[in-house]
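**Student:** Pasting a structure here, questions to come.
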Amino acid sequence: MELRNKVALIFGGSSGIGEAVARRFASEGASCAVVASSNVRKANKIAKEIKRKSKGYVCNVTKAADVNKTVAKVMKDFGKIDILVNSAGIFVPTPAGGTKQSDLNKMVDVNLKGTIHTINAVVPHMQARKRGNIINMASVAGVRALPMYSVYCASMAGVVMLTQCMGVELARDGIHVNSISPGNTESPMNEYVRNDPEFEPILDFMEKLTPSGRTYSQPEEMANMALFLASPKTGNPIYGSNFVVDEGFAAGVFVAS
């Protein structure tokens, strides 16, 4: 029970990696504020299943005012926030010369600005207590180029650098800020890529660049990494670090088919 009596606020907690994190943290004793982007019923369903006095919320992370209201509700309901997990994200192709303005705005607004909004809202509470843990879900695409996804790569590279800067800035306040850069992880966010024949060339590309031979990791494996960072037993000396968890994808090794 490494997170006994801890309160974890998890944005993007109703599906994919965020859901897996909520379930893993609850299994270690944490109460979880599970935040969905639009479907509060789904968030409540997850909260009910994981128990631990957890509760579901809905929030648009692109709007700072909405984030501030959600954080205020969580503080009222739980009295504190020990852990913030940013797992809300959007992943769509943005080909050079053909990027839609709406796709550009959505990915920057959710992936990068959304992370900034949640940190801005939570940090004052953590600073007042001189302790806290912030875990940002970035991506291997933030450290390695992925054709057709330049905006996603750029937004995630921003999350990695934001993590480093915040990690340095907040370390003396007792606040750990770190990021996880998952490789290809089986989740609803990339389901269309895995199931649409149009994306077979990209899947072939990713398979050839995955040394382990396992193109997709599981969300639960990312959740275990999040627990490593959130646990006082293992995460205490870690500040401003980015952990690439990607089946060896970023190592740059070509594996012949």
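**Student:** What is the residue count in the range 234-253 for residues that are part of a helix (DSSP H, G or I) and modelled with pLDDT under 95?
**Tutor:** Residues flagged as part of a helix (DSSP H, G or I) and modelled with pLDDT under 95 within the range 234-253 amount to 3.
**Student:** Considering only residues of the range 159-197 that are among the polar types (S, T, N, Q) and either part of a helix (DSSP H, G or I) or over 20 Å from Pro147 (Cβ atoms) (or both), which is farthest from the chain's Cα centre (by Cα)?
**Tutor:** Asn195
**Student:** Another question, then. Going residue by residue through the range 141-153, is there one that turns out to be touching a helix residue (DSSP H, G or I) at 6+ places or on another chain (Cβ under 7 Å) and over 30 Å from Phe249 (Cβ atoms)?
**Tutor:** No: zero hits.
**Student:** Here's a follow-up. Quick one: which of Val7, Val61, Val21 is out of contact with any Lys or Arg (no Cβ under 9 Å at 6 or more places or on another chain) and β-branched (Val, Ile, Thr)?
**Tutor:** None of the other options fit; the residue is Val21.
**Student:** Of the conditions (1) part of a helix (DSSP H, G or I); (2) hydroxyl-bearing (Ser, Thr, Tyr); (3) closer than 30 Å to Phe228 by Cβ, Ser102 fails just one. Which one is it?
**Tutor:** (3)
**Student:** Something else about it: When you scan the range 198-206, do you find a residue that is within 23 Å of Ala251 (Cβ to Cβ), part of a loop (DSSP other than H, G, I, E, B) and at pLDDT below 90, even just one?
**Tutor:** Within the range 198-206, not a single residue is within 23 Å of Ala251 (Cβ to Cβ), part of a loop (DSSP other than H, G, I, E, B) and at pLDDT below 90.
**Student:** Tell me which residues, restricted to the range 212-227, are assigned to a loop (DSSP other than H, G, I, E, B) and surrounded by 15 or more Cβ atoms within 10 Å (Cβ to Cβ).
**Tutor:** Hits for the range 212-227 are Thr215, Tyr216.
**Student:** Out of Val108, Val92, Val168, report the one residue that is buried (at least 18 other Cβ atoms within 10 Å of the Cβ) and under 29 Å from Met75 (Cβ atoms).
**Tutor:** Val108
**Student:** Could you please let me know if Pro147 is of a type outside the set (A, V, I, L, M), surrounded by fewer than 19 Cβ atoms within 10 Å (Cβ to Cβ) and either modelled with pLDDT under 95 or touching a Gly at 6+ places or on another chain (Cβ under 9 Å) (or both)?
**Tutor:** yes
**Student:** Within the set of pairs 6 or more residues apart or between chains, which connect a residue that is closer than 14 Å to Gly18 by Cα and modelled with pLDDT of 95 or more inside the range 35-49 to a residue that is in a helix (DSSP H, G or I) and among the β-branched types (Val, Ile, Thr) with Cβ atoms less than 8 Å apart?
**Tutor:** Correct list of pairs: Val35/Thr70.
**Student:** Give the residue that is farthest from the chain's Cα centre (by Cα), with candidates limited to residues of the range 124-139 that are surrounded by 21 or more Cβ atoms within 10 Å (Cβ to Cβ) and among the hydrophobic types (A, V, I, L, M, F, W, C).
**Tutor:** It comes out as Met126.
The values are calculated or read from the model by the stated rules, or taken from the named source; none is laboratory data. Just so it is clear, the structure is predicted and the values come from calculations on it, not from any experiment. In this analysis, Cβ positions are derived from the backbone assuming ideal geometry, glycine residues included, and neighbour counts consider all displayed protein chains.
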